[in-house]
Amino acid sequence: MAKAVAVGARVYIVNHTHKKVVGCKADGTTYTTPNRDLWEEFEVQEAKGGKIILHNATHKLNLGAKEDKSMKDDKAIYAHKNNAEWEQWTVVHDAKLNGWHLQSHHKQNLGCNAEGKLYMHSNKAEWETWQLVPALPAGVALDCKVLITNAEHKTQIGMHDSKGQHKLYMHENKLGWEQWILKDAGNGRVLITNATHGKQIGCDNKSNIYSHANTDLWEQWTIISNNKGKTVHFVSHHKTYLGAKPDKSLYGTTNLAQWETWIITKV
């Protein structure tokens, strides 16, 4: 199945080789840094023709690129309120490097050298390959134990083992069975893995929520932050939202309200 970037995801754009992160300032200048904060956080928005817009919500600017005939002008990369052709990107998956090439309207690829300087170039090599790493709420990191609490019902998602069958539930407990690890699934998505049982939360094409050892698209989720990052929504591969009912059951739905709103807390 073809790789695709998760529209709606908030991501850090991390260079595959140098591990530098792209950021932008309020004046529209761009830079790279080891930091992963709000100035380095971009929302993937959909554009026409299969392209994407990389939108910085803090400054309300979109990442763009001019044509760089010298292929070494760092001022060719900028951020602007426009969302026209120069602020739209074609994303091409590199299976060998397991990353992405970000191609501008001018058919040049975003790159980063060893000093952290951004440039545009026709090359599609390691320096022009990027990882789109999920941006999580403040205080929460990938590969750490977290609680996932429903904002309405104030209960946690849990998973128990019943004769080898791993079943999901909602409960007031905050113990091992109710603890989860968010893992990078690539393309701006995460796996929601139970810290005790090692199984993932998935959603099938009929909006049924289940647990499984698989780590494929049905077990991958896009996290959308809202309320200034205090709460999140989990979006499945099928464009449905993870929700919880008062009877403590989980479901998938196209609705988006309080039952589909979650709080992630580091343990």
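For residues that are surrounded by fewer than 15 Cβ atoms within 10 Å (Cβ to Cβ), at pLDDT 95 or above and either among the aromatic types (Phe, Trp, Tyr) or not in a loop (DSSP other than H, G, I, E, B) (or both), tally how many sit in region 209-252.
Residues meeting the conditions: 1.
So how many residues does region 175-203 have that are farther than 16 Å from Glu219 by Cα and either buried (at least 16 other Cβ atoms within 10 Å of the Cβ) or touching a residue at least 60 places away in the same chain (Cβ under 8 Å) (or both)? Before you say what the answer is, go through the steps one by one.
Just the residues of region 175-203 that are farther than 16 Å from Glu219 by Cα, to begin with: 175-179, 196.
Then drop every residue that is not either buried (at least 16 other Cβ atoms within 10 Å of the Cβ) or touching a residue at least 60 places away in the same chain (Cβ under 8 Å) (or both), which leaves 177-179, 196.
Adding up the residues that qualify gives 4.
Exactly one condition in (1) outside any loop (DSSP other than H, G, I, E, B); (2) over 30 Å from Lys20 (Cα atoms); (3) not charged (D, E, K, R) is not met by Thr196; state its number.
Every condition holds for Thr196 apart from (1).
Residues checked against (1) in the same structural domain as Val91 (by TED's automatic domain parsing); (2) in a helix (DSSP H, G or I); (3) surrounded by fewer than 16 Cβ atoms within 10 Å (Cβ to Cβ):
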residue: Val14; (1), (2), (3): yes, no, no
residue: Val22; (1), (2), (3): yes, no, no
residue: Asn35; (1), (2), (3): yes, no, yes
residue: Glu43; (1), (2), (3): yes, no, no
residue: Gly49; (1), (2), (3): yes, yes, yes
residue: Ile53; (1), (2), (3): yes, no, no
residue: Asn62; (1), (2), (3): yes, no, no
residue: Glu67; (1), (2), (3): yes, no, yes
residue: Lys75; (1), (2), (3): yes, yes, yes
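Restricting the search to region 87-101, which residues are crowded, with 19+ Cβ neighbours inside 10 Å and either under 13 Å from Asn187 (Cβ atoms) or more than 18 Å from the chain's Cα centre (by Cα) (or both)?
From region 87-101, those crowded, with 19+ Cβ neighbours inside 10 Å are 87-89, 91, 99-101; that's our starting set.
Selection gives Glu87, Gln88, Val91, Gly99, Trp100.
Would you please list the contacts, defined by Cβ atoms under 6 Å and residues six or more apart or on different chains, that run from a residue in region 157-170 that is under 14 Å from Ala195 (Cβ atoms) to a residue that is of a type in the set (Phe, Trp, Tyr) and assigned to a strand (DSSP E or B)?
Taking only residues 6 or more apart or on different chains, the pairs are Gly158/Tyr169.
Which ones in region 102-117 are crowded, with 21+ Cβ neighbours inside 10 Å and either assigned to a loop (DSSP other than H, G, I, E, B) or aliphatic (A, V, I, L, M) (or both)?
Leu102, Ser104, Gln108, Leu110, listed by residue number.
Is it the case that some residue within region 155-168 is in a loop (DSSP other than H, G, I, E, B), in the same structural domain as Trp262 (by TED's automatic domain parsing) and not basic (Lys, Arg)? Please lay out each step first, then the result.
In the first step, residues of region 155-168 are kept if they are in a loop (DSSP other than H, G, I, E, B); the result is 155, 163-164.
Restricting the remaining residues to those that are in the same structural domain as Trp262 (by TED's automatic domain parsing) gives 155, 163-164.
Filter once more, keeping what is not basic (Lys, Arg): 155, 164.
Among the residues of region 155-168, at least one is in a loop (DSSP other than H, G, I, E, B), in the same structural domain as Trp262 (by TED's automatic domain parsing) and not basic (Lys, Arg), which makes the answer yes.
Filter region 77-101 down to the residues that are free of Cβ contacts under 8 Å to residues at least 60 places away in the same chain and assigned to a strand (DSSP E or B) and list them by number.
Within region 77-101, Ile77, Tyr78, Ala79, His80, Trp89, Thr90, Val92, Asp94, His101 qualify.
The values are calculated or read from the model by the stated rules, or taken from the named source; none is laboratory data. Nothing here was measured: the structure is a model prediction, and the numbers come from that model. So basically every Cβ, Gly included, is an ideal-geometry build from the backbone, and we count neighbours across all protein chains shown.
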